[in-house]
Amino acid sequence: MKTEQFNAFAIAQQQIDHAAEKLELDDATHELLRWPMRELKATLPVKMDDGTTRLFHAFRIRYNTARGPAKGGVRWHPQETMDTVRALSAWMTWKTAVVDLPLGGGKGGVVCNPKELSETEKERLARAYVRAIAGSIGVTKDVPAPDVYTTPQIMAWMMDEYETILGENHPGVITGKPLALGGSKGRQDATARGGVYVTREAAATAGIDLKGAPMAVQGFGNAGMNAALLGEEILGLKLVAACDSKSGVYNPKGISAAALVEYKIRTGAVKGFPDADEITNGEILGLPVTVLFPAALENVIRADNAESLKCRICCELANGPTTPEADAILDQKGIIVLPDFLANAGGVTVSYFEQVQNAYNLYWELQEVHWRLDQRMTQAFSSVHEMSLRNKSDLREAAYLVAIARVAEACKLRGWV
Amino acid sequence: MAQKQKEGFSSQNIGSTDLVRAYRLHEQMLKYPHLMGEIRDLFFSVLKKRDLLDAESLRGDAALLLEALGEPVDEQAIKQITGILIDVYFAHHLSWEDVENHINLVRKREAFRTLTRLMNSEGAASARIGKALKEFCAIPRGSLFIRPGESMGVRVGLLSRFISDQLPFLGVAKNHIAMRDIDELMDRIIRNPRREGRIGGKAAGMFLAYKIILPALADRDPEFEKYVRIPESYYFTSGFLTDFLDTNNLFWLHSQKYKNLETIEEEFTQICETIQRASFPADVVAQFRDFLQKTGEHPLIIRSSSLLEDNVGYTFSGKYDSVFIANQGDLELRTAEFSTGLKQVLASVFSPRAILYRKDHNLLDFDERMSILVQKVVGRRYGDYFFPTAAGVAYSQNMYGWTPRIVRTDGLLRMVFGLGTRAVERIGPDYPRMVPLSHPLLRPEVSGEDIKKYSQKLVDVLDLKSNSLETIPATELFESITSPDLYYIVSAEKEGHLAAPLFKTEKIETLSACVTFDNLLSKTVLAGLLKRILHRLEQACGRPVEVEFAWDDGLLYVLQCRALAASALVEKVSIPEEIDPQEVLFTCTSVLYSSQVEDIEYIVYVDPQAYGAIATFEERLAVGHAVGKVNRLLEGRTYALFGPGRWGTNDVKMGVKISYEDINRTRVLAEIAVKDVGASPEPSLGTHFFNDLVEANIVPVAIYPESPGTVFREDFFKNSPDCIASLDPHARANPIVRVINVAACSEGRYLQVYLDSELQKGVGFLGPCRRSRFAGSPQKEPGQRKKEPIDTGRP
């Protein structure tokens, strides 16, 4: 099988190669982990509102199910390709493994432009997708979830279509559903909460006192806002700066996270928040803070600005905020980088909880979700930290090693390799 | 036939009931003794047409009857008996309803003759004509009408006398407005006791639209009748302005328009004050008082309705004032408030922007007279505020298509929550909801965050307590609006996802809510209704139309309708295939409408970075003034204007604040999206500003230099020498507003701009002079701003 050069999947394979070398994996295991185990490509005919029919190309990949049913989102994107979905399904495999969920990794995608689809067309597309993949998803096989441009509403349509096909109730076939249809409590802040828990663990390990210590949040969307609120509530951190895509605010004496969140929701931006100075997206990275939460986009911490970082802990809530070159610089500076697929694994963990609750048809109170998430994240950090000590590697590499070793172990125990 | 008549005449067939019918018929005819002959003639012609009677057999019957009576058979006796027989036969063969309908038809013809005579006699007062029309309309409508061909002359006469004498208007109106409609309108016209006048273009356009949508006779549409209304409207004729100026000795104001623009600008404030100080005559004030007593304490909008306004091709969009009044409390106070508002609207005839607009459209010599349209504001009271659920502008042609799926001919809405003032003006950092009517729920934003970002944040409302138009944050209103209205207006975050409420009674998280109108568009008839209304209006007017509307409490109100100059909207343009990439100055991937502007001689460039670096409000405002000056200097030249963010915004942070008169000589108005400077270009479609551009043949262009694949040769714009000194030796070069002589900087070539809306592609490049060599080069022929006459649709 050939893949295009310089694409996301090629990078994912390189990461596996690197880990395989470190773990001294045998060739067969190494090769097995380099490739998705099952790929499904479908063409979906969908009736449009104007009576015409359009064809959409769609994918669903189960990368590896040695540890359990595949888990991963469904992306709706005009530039979706098989290789992007492959790469993302590989990363999902490592992510579920690093937090030790009994799940494998998967991903799906539909090549479409949601800007060109009405709500009714979106519904027909969602249902068409499920009809095409129904045979290969299910609580024991593969469980999709929301991702780029897919919403809880779309998950609800998908679940309904699946149940209609089977003529049975199967809420666990999809996660990220609305609460009324079997969604889990605690999903909304799960990503940030998971990041906050591992930050707490990292600080404790490094002997950093977080009480009253300053934090900055780069990217004030859902994850960023919750990180500010929970950082204050759980860790006792003091928010001193936050920024969104337009600009940022800074007050070394502290900013009330709740007030800033309320302001952002009300006005759509942090700009203009009273009693704070304006600061740029670039400047926020260089502030003397204890914890920095990059929670916006990828590649914001690069070789050209990594030197300016003054934080002790950098908790990557966003996907891929640090480039590999910057990673090396941060490592040299002694900054603890909590890698994205560990730091933001809270989301998938609560998705897993949703599956569990669906299976039992018994739903947990919020405290129980929080408590179980805390347990998982704490344990995950501990494993990664231990691996980093053992391998003398940074946390990112250690996280990969933990995850890939776990998947490799499962493959071996099953007698696949 | 003769046999049949004989039978009919025989006692076997004419029974006693026929005799009773004949008697009643005769009694009815006796009410109109002077019309008896005409009525009988009509009866006879109907019987003859139905093959029930002919002259010969009638005469035979009469003779037989006279013989039976033993009376002499002479001509006079025959005539008398045939008359009686016609009545008897008519009563025998036709129903009582037919009897009444035919008698009424004769009465209509008589009233119609009177009306025709009055219409054709010189000097007949409007009041007399109005009275005659009323008499005509007092006759029951019935099912028999004067033939359209016969009534057309009088209808056109009435239309041009009371509504508008603009030929494009008459051409459409005569097919849709019936005599009774004019009578209905007359009941709402308020006339000045001394001066005659018409009701003006805006009122005429609105009334015409109303009659096209809701006709009294043919093509009635049950859905329209169920949901469409026009707001209660009253028309103060242009006589009020004339009388006001006369009685206050202000007739000198009529020549104001011939002064030069600077003087007009300087004197306008003074004129406004003079007009406000002047008073309406006591009898007119009494009229106002009576009117306000009748309308009650309901908020009113006083709208200009000048004779020229809203005629096909000239929308006068936003040139004259409209004034909201709360109209609450003491009658004397309300009368004073009404007079003040009226004077403000009247004064706007003399405003520089209105005069310049008329000058630009060669309308200066027309004796412009202002009529006033007063409408009850559509909306409901929420606390001290008054506003409708939604309002905006609907376009029959959709030039705003971000995907080829959108059907252009299905139209577009630009809709806001609250008063529609925010939809017709180009507002600052705020966004009306743009609704392509072919796919009402489609929007260019997908993520909840983007939807919130590009949603309306501020709402215009009428504050009944302070009697003022206020702009307040939408979130403040969300709290005070009761269910189910909020259900239709907003979407809110639920479990981290933005969605429209599922139930009318659902508790909505107002802090995270934003205006989307998703439920209004998907759960009500609004979008489908407007699409069909626009189709119907466009078909009737024979050109694209624009409709101002409001939606409140489940009803759609049509507030105004304009027919647009069509030329600019439908052009087909093919971008030349072989353009040397070296010569391309800019490209764009979003095109509002196809257009082609050739041989542009000058580029005026407002440097986005330099503009962004300006610290103070005053200095940013000065940039707008500088652009206005250059615009005046370039009179008669072809030029293109480039600048940051949104042109015409009222927020200097979003772009350069200018008004139409500051840019009216440019052919291309380009908005450059530069990070951190100004706002992202936003389609101004539907705003007054956009209408100005369309009418003036100014082509809007949006350039996103940072978007992949886009070309923007900043070096050319930044580094080409400033030639302002060659245009005006006294002018000082301005580092922010640069004037570039294109030919001088490009070896004699000119800027060529091609925009293709079908492919959503546009390009501006340097190319040799494209016009025929027989037409001469642009330098030799400086009158290059194509002074094409605007297509007015006049025959």
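Read-outs: derived from the displayed coordinates by stated rules, not from any lab. Keep in mind the model is a prediction, meaning the values are calculated, not measured. Ideal geometry is used to build each Cβ from the backbone, glycine not excepted, and the neighbour counts take in all protein chains shown.
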Relative to the present Cα-Cα distance, how much length would full extension add between B:Ser522 and B:Ser255 at 0.36 nm per residue of separation?
90.8 nm
Cut-off under 5 Å, modelled amide H: who pairs with B:Arg198 long-range:
B:Ser238, B:Gly239
Once the convex hull of the C-alpha atoms of the range B:190-377 is built, how many Å³ does it hold per residue, rounded to a whole number?
129
What are the extents of the Cα atoms of the range B:2-94 along their three principal axes, in Å, largest first?
31, 26, 26
How large is the charge dipole for chain B, taken about the Cα centre, if only the Cβ atoms of Lys, Arg (+1) and Asp, Glu (-1) carry charge, to the nearest 20 debye?
940
The range B:380-563 - Rg (one decimal) and Dmax (whole number), Cα, Å:
15.9, 50
Provide the per-residue ³J(HN,Hα) series for the range A:399-404, in order, calculated from phi with Karplus coefficients 6.51, -1.76, 1.60 and θ = phi - 60°, each as a whole number of Hz, with x at glycine and proline positions.
5, 4, 5, 4, 5, 5
Explain nothing, just the number: relative contact order of chain B, from Cα pairs under 8 Å at least 6 residues apart, as a whole percent.
10
Honestly the range B:568-775 on the Cα gyration tensor test (a ≥ b ≥ c root eigenvalues; a/c under 1.5 rounded, otherwise a/b vs b/c for prolate or oblate) is just rounded
If you take the alpha carbon radius of gyration of the range A:37-171 and divide it by 2.2 N^0.38 Å, what ratio comes out, to two decimals?
1.01
Projected area of the range A:316-417, taken from the Cα convex hull and averaged over every viewing direction, in nm²?
8.5
Sites A:Thr267 and B:Glu97, calculated FRET efficiency, Cβ-Cβ separation with R0 56 Å, nearest 0.05:
0.25
Please order A:Met48, A:Met215 by the number of other Cβ within 10 Å, starting at the fewest.
A:Met48, A:Met215
Mind listing which trypsin sites (Lys or Arg not before Pro) in the range A:364-394 are in a DSSP loop and have 10 or fewer other Cβ atoms within 10 Å?
A:Lys392
Identify the trypsin sites (Lys or Arg not before Pro) of the range B:104-185 meeting these criteria: DSSP loop state and at most 14 other C-beta atoms within 10 Å of the C-beta.
B:Arg141
Test of understanding: given chain B, find the longest segment containing no GluC sites (Glu not before Pro) that are in a DSSP loop and have at most 12 other Cβ atoms within 10 Å.
B:123-576
Under 23 Å Cα to Cα from B:Lys49, which lysines show up? Leave out anything in the same chain fewer than 8 places away.
B:Lys4, B:Lys6, B:Lys79, B:Lys108
Over chain A, relative contact order from alpha-carbon pairs under 8 Å, at least 6 apart, %
16
Quick shape summary for the range A:97-253, equivalent ellipsoid via Cα gyration tensor, semi-axes whole Å in descending order, reads 38, 20, 12
Apply the Karplus curve 6.51 cos²θ - 1.76 cosθ + 1.60, θ = phi - 60°, to the phi angles in the range B:442-447 and return the couplings in whole Hz, x for Gly and Pro.
6, 8, x, 9, 10, 6
Subtracting the Cα-Cα distance from 0.36 nm times the residue separation, let me have the gained length for B:Gln609 to B:Ala124 in nm, one decimal.
167.9 nm
Would you mind checking the range B:716-760 for residues with the amide N under 15 Å from a putative spin-label position 7 Å along Cα→C-beta of B:Glu619?
B:734-737
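Could you give me D for chain B, from Stokes-Einstein at 20 °C and 1.002 mPa s, where the hydrodynamic radius is the Kirkwood radius over C-alpha pairs? Units µm² s⁻¹, please.
Here the translational diffusion coefficient equals 71 µm²/s.
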The range A:152-160 - phi-based ³J(HN,Hα) in whole Hz, Karplus 6.51/-1.76/1.60, Gly and Pro as x
x, 4, 5, 4, 5, 5, 5, 4, 4
Which of the pairs A:Lys47/A:Lys122; B:Lys452/B:Lys531; B:Lys452/B:Lys494; B:Lys376/B:Lys523; A:Lys115/A:Lys271 have their Cα atoms more than 20 Å apart in this structure?
B:Lys452/B:Lys531; B:Lys376/B:Lys523; A:Lys115/A:Lys271
Suppose only helical runs count, i.e. DSSP H with n ≥ 4. What mean residue ellipticity at 222 nm does that imply for the protein assembly as shown under -39500 (n - 2.57) per run, divided by all residues and rounded to the nearest 500 deg cm²/dmol?
-12500 deg cm²/dmol
Under the definition of Cα pairs under 8 Å and six or more residues apart, what whole-number percent is the relative contact order of the range A:33-153?
32
Based on the Cα coordinates of the protein assembly as shown, what is the per residue volume of their convex hull in Å³?
246
Taking every alpha carbon pair in the range A:190-343, what does the distance histogram look like in 5 angstrom bins from 0, in percent?
2, 11, 22, 26, 21, 13, 4, 1, 0
Mark the label point 7 Å from the Cα of A:Ile208 along Cα→Cβ and return the residues of the range A:390-408 whose backbone N is within less than 17 Å of it.
A:394-397
Two-site FRET efficiency, B:Val407 against B:Glu135, from Cβ-Cβ distance with R₀ of 35 Å, rounded to 0.05
0.10
Dimensionless Rg ratio for the range B:134-233, taking C-alpha atoms and the 2.2 N^0.38 Å reference
1.09
Would you grab the residues whose amide H sits under 5 Å from the one on A:Ala242? Only those 5+ places off in sequence or on another chain, please, with H modelled 1.01 Å from N.
A:Val217, A:Val249
With N residues in the range B:51-118, what two-decimal value do you get for its Cα radius of gyration over 2.2 N^0.38 Å?
1.46
With no solvent and one point per C-alpha, what does the Debye sum give as log10 I(q)/I(0) for chain A at q = 0.08, 0.14 Å⁻¹?
-0.44, -1.31
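Treat the count of other C-beta atoms within 10 Å as a stand-in for reagent exposure and order B:Thr409, A:Thr93 from fewest to most.
Fewest to most other Cβ atoms nearby, the residues stand as B:Thr409, A:Thr93.
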Pick out, in residue order, every one of the trypsin sites (Lys or Arg not before Pro) in the range A:207-300 that is DSSP loop and has at most 15 other C-beta atoms within 10 Å; say none if there are none.
A:Lys211, A:Lys246, A:Lys253
Hey, can you rank A:340-350, B:245-255 by average C-beta count inside 10 Å, highest first?
A:340-350, B:245-255
Please list the non-local residues whose amide H lies under 5 Å from the amide H of A:Gly176, H modeled 1.01 Å from N, same-chain partners needing a gap of 5 or more.
A:Ser184
How much length is gained if the chain between B:Gln582 and B:Ala731 is pulled fully straight, taking 0.36 nm per residue apart and subtracting their Cα-Cα distance, in nm to one decimal?
50.4 nm
If the range A:98-154 were replaced by its equivalent ellipsoid, with semi-axes equal to the square roots of 5 times the Cα gyration tensor eigenvalues, what would those be, largest first, whole Å?
24, 14, 9
Suppose R0 equals 51 Å. What FRET efficiency, 1/(1 + (r/R0)^6) with r the Cβ-Cβ distance, do B:Leu511 and B:Arg117 give to the nearest 0.05?
0.15
